[in-house]
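Structure first, then comments.
The values are calculated or read from the model by the stated rules, or taken from the named source; none is laboratory data. Keep in mind that this is a model prediction, so the values were computed, not measured. Don't worry about glycine lacking a Cβ; one is built from the backbone with ideal geometry, like all the others, and counts go over all protein chains shown.
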């Protein structure tokens, strides 16, 4: 039977945890149906990751390496992925549902004239068919979809699938030769702008503290930034806060922002509009802090605090700073 191919992402010289989640899920399914799992990693100076990928479930590792792949580029990465698909003839292609993963899955599905099953929260294989569950209608419903053609192109929602326990094993590593066309090289990266302070990535954070319209002004976000620092959490924002210019779009959680699934989500001054709930309602535990007891956010919260966030959050910070 054909293998499962998994696209692996890197960031800041490290493997992305979301890719290890996808690889671990491929390993689980691969063992159940007795197929190989092949990890494809694309980038510059990334061959050293092969052993780590083998420990998380890869039976083989394909490396597309070189200066052309130093920075993510849709056309170049699509060409490399197409080359890998043609070489391995996989029964399924797994990618993490990150911005790059979604972009690449859409591009590769267009090239192969197949549908991509996006943002999946469960995957099963039976009678030669992959079946997935994924949220629709801003998370208000879950649908079950079957992939009737191969390869099944599936993106996995971050922080839904567990990372497996590393194992020591040997793995074969192969260099993937990619022939880029002139069209593939029409677009290049001109500049990368990095924020001065390194932040925890929202989609990979275990704890997120978010602020909404109730923050009243951008400078007031220092209140939840302090809480985030104490908890080693990421800082998020509602669309209202982003539209007001208080936070960058990269911090936006919601239907038009990022979909997150942390262990703990603390919503401060967020009313709970449907578009925001679509991006965070799958969090394991939700704590809402809002002065209005009728705010929709309390309907999805596990714990709610009716009160002024400018009094509640600093008090919470002080309690958390106390020695155990």
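Quick notes on this structure:
- Applying the criterion of being touching a helix residue (DSSP H, G or I) at 6+ places or on another chain (Cβ under 9 Å) and assigned to a loop (DSSP other than H, G, I, E, B) to the residues of segment 1-33, the residue that is surrounded by the fewest Cβ atoms within 10 Å (Cβ to Cβ) is 1.
- Qualifying residue in segment 34-46 (condition: assigned to a helix (DSSP H, G or I), in the same structural domain as residue 114 (by TED's automatic domain parsing) and surrounded by fewer than 21 Cβ atoms within 10 Å (Cβ to Cβ)): no
- Unique residue being in contact (Cβ under 8 Å) with a residue 24 or more places away in the chain, more than 22 Å from residue 293 (Cα to Cα) and not in a loop (DSSP other than H, G, I, E, B) when the list is 223, 242, 260, 230: 230
- Residue count for segment 125-159, restricted to those that are touching a residue at least 40 places away in the same chain (Cβ under 8 Å) and either within 28 Å of residue 86 (Cα to Cα) or buried (at least 17 other Cβ atoms within 10 Å of the Cβ) (or both): 14.
- All positions within segment 70-84 that are out of contact with any helix residue (DSSP H, G or I) (no Cβ under 6 Å at 6 or more places or on another chain) and crowded, with 17+ Cβ neighbours inside 10 Å: 73, 80, 83, 84
- Applying the criterion of at least 1 residues that are at pLDDT 80 or above and in contact with a helix residue (DSSP H, G or I) (Cβ under 8 Å, 6 or more places away or on another chain) to the strands (runs of 3 or more DSSP E) found wholly in segment 132-199 leaves 152-156, 172-175.
- Among residues of segment 313-324, those that are surrounded by 15 or more Cβ atoms within 10 Å (Cβ to Cβ) and either more than 18 Å from residue 237 (Cβ to Cβ) or outside the structural domain of residue 218 (by TED's automatic domain parsing) (or both), counted: 2
- Considering segment 104-123, the residues that are part of a strand (DSSP E or B) and without any contact (Cβ under 8 Å) to a residue 60 or more places away in the chain include one that is surrounded by the fewest Cβ atoms within 10 Å (Cβ to Cβ), namely 122.
- Remark: residue 290 matches the filter, which requires a residue to be buried (at least 20 other Cβ atoms within 10 Å of the Cβ), more than 26 Å from residue 102 (Cβ to Cβ) and modelled with pLDDT of 95 or more.
Yes/no per residue for (1) within 22 Å of residue 98 (Cα to Cα); (2) assigned by TED's automatic domain parsing to the domain that holds residue 119; (3) touching a helix residue (DSSP H, G or I) at 6+ places or on another chain (Cβ under 8 Å); (4) in a loop (DSSP other than H, G, I, E, B):
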| residue | (1), (2), (3), (4) |
| --- | --- |
| 270 | no, no, yes, yes |
| 276 | yes, no, yes, no |
| 283 | yes, no, no, yes |
| 304 | no, no, yes, no |
| 310 | no, no, yes, no |
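- Taken as a whole, the condition of being within 29 Å of residue 38 (Cβ to Cβ), touching a residue at least 60 places away in the same chain (Cβ under 8 Å) and either surrounded by 21 or more Cβ atoms within 10 Å (Cβ to Cβ) or in contact with a strand residue (DSSP E or B) (Cβ under 8 Å, 6 or more places away or on another chain) (or both) does not apply to residue 167.
- Neighbours by Cβ (under 6 Å, 6+ apart or cross-chain): first from segment 84-103, in the same structural domain as residue 58 (by TED's automatic domain parsing) and touching a residue at least 40 places away in the same chain (Cβ under 8 Å); second buried (at least 21 other Cβ atoms within 10 Å of the Cβ) and assigned to a helix (DSSP H, G or I): 94/22; 94/26; 95/101; 95/105; 96/18; 96/19; 96/22; 98/18
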